[in-house]
Every structure is written in C-alpha cells, then in structure tokens.
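The values are calculated or read from the model by the stated rules, or taken from the named source; none is laboratory data. None of the values given here were measured: they were computed from a predicted structure. With ideal geometry, Cβ positions are generated from the backbone for all residues, glycine too; neighbour counts draw on all protein chains shown. Note: accessible area is taken over every heavy atom of the protein model, side chains too, but ligands, DNA and RNA are not part of it. Shrake-Rupley method; radii C 1.70, N 1.55, O 1.52, S 1.80 Å.
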Amino acid sequence: MPQHYETQRNNFSISTDPSRLDVDAIADLLSRSYWANTRTREQIERTLPHSLVFGLYDGPRQIGLSRVVSDYAIFAYLCDVVIHEDYRGQGLGKWLLSAIHNHPDLVHVRRWMLVTNDAHDLYRQFGYSVLEQPERWMMKFNG
C-alpha cells in the first residue's frame, strides 16, 4: 500500500490522503473535461479507492486532481489530470505532475502511460513521448 504523501506551496497543497478528497468537487471537475464528462458519480466513486489519487487544494478547497493506476514497480497509468479553470496558468499542473513523478512509491516505475488529446507539450516536459511502435499496443474499450 502506498504511503500518504503531501507537499505545500504557499496556500496550495497536494495530498494523497483519501480522507481529504471531495467527491463533489471531483465530479464537478470531471464533468467539465472532454474525457470524463459522461462519467457517472457512481463510476467516479468506484475509481477512487482503486487508484493513487493526488488531490490539489487551495487551503481546504479541492481544485484539481490526478489518478495513478499502478503496480508500483513496472507500470503506471496516469489519468484524470485536471485543474479547475480558475487556477490554470499558474504552474499548478506542472507542480502536480512533478509531485506525482517524485512520489516515493512511484519514482522507480519503469513504464508510464497516458492518453491526451491536447496536452502533449506539457507531458513531453516530464519525459513522455508518442508511442514508438503503436502497432504493438492494443486496447479494449467497453464504451
């Protein structure tokens, strides 16, 4: 089980403590995203205990999050990276990604994957690249 992790920057904090998660705020954030806007609250609630969730907070208010699904050694899937619109452009997304990749239980993970429609430049700053041999990868989607 991964250890709780927390970091501070001014009034902002990033925490993996599940007791701090605000499911209402998470559902609201995801409802405004292009990738999760049809996700039900039940689905959202089901994902949280099965992921390492990094909550981003302004004081006590949750303003962002990201989930990592991982075996903590070989593979990690980064998903649901979202920052509230009012807080974008302040470097919080970069700070969140840095915190994720520096988490003690994730720092040695061999392969990271993610899917993005529009944030390639952001993720390249953290070492991500397009698949070199996409013909080797497969997926199953139960839309």
* Structure fact -> The lone condition R46 fails out of (1) at pLDDT below 95; (2) basic (K, R); (3) not in a loop (DSSP other than H, G, I, E, B) is (1)
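Here is a yes/no grid of residues against (1) within 11 Å of the chain's Cα centre (by Cα); (2) of a type outside the set (A, V, I, L, M):
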| position | (1), (2) |
| --- | --- |
| V23 | no, no |
| R39 | no, yes |
| Y72 | no, yes |
| F75 | no, yes |
| C79 | yes, yes |
| R111 | no, yes |
* Structure fact -> Pairs returned, first residue in region 12-34 that is farther than 23 Å from H103 by Cα, second residue that is small (G, A, S) and surrounded by fewer than 20 Cβ atoms within 10 Å (Cβ to Cβ), beta-carbon separation under 9 angstrom, 6 or more apart or interchain, are L29/A36; L30/A36
* Specify the residue that is surrounded by the most Cβ atoms within 10 Å (Cβ to Cβ); the eligible residues are those in region 2-11 that are without any contact (Cβ under 8 Å) to a residue 24 or more places away in the chain and on the phi < 0 side of the Ramachandran plot. => E6
* Asked: Taking the stated definitions as given, is S66 among the hydroxyl-bearing types (S, T, Y), modelled with pLDDT of 95 or more and outside any strand (DSSP E or B)?
  -> no
* Structure fact -> Out of (1) open to solvent by 20 Å² or more (accessible area, probe 1.4 Å); (2) in a loop (DSSP other than H, G, I, E, B); (3) at negative phi, the one L106 does not meet is (1)
* Asked: Quick one: would you say D86 is open to solvent by less than 50 Å² (accessible area, probe 1.4 Å) and among the charged types (D, E, K, R)?
  -> no
* region 49-60, residues that are surrounded by fewer than 17 Cβ atoms within 10 Å (Cβ to Cβ) and of a type outside the set (G, A, S) -> P49, H50, D58, P60
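Conditions (1) surrounded by fewer than 18 Cβ atoms within 10 Å (Cβ to Cβ); (2) aromatic (F, W, Y), marked per residue:
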| site | (1), (2) |
| --- | --- |
| I14 | no, no |
| W35 | yes, yes |
| R41 | yes, no |
| E45 | yes, no |
| L65 | no, no |
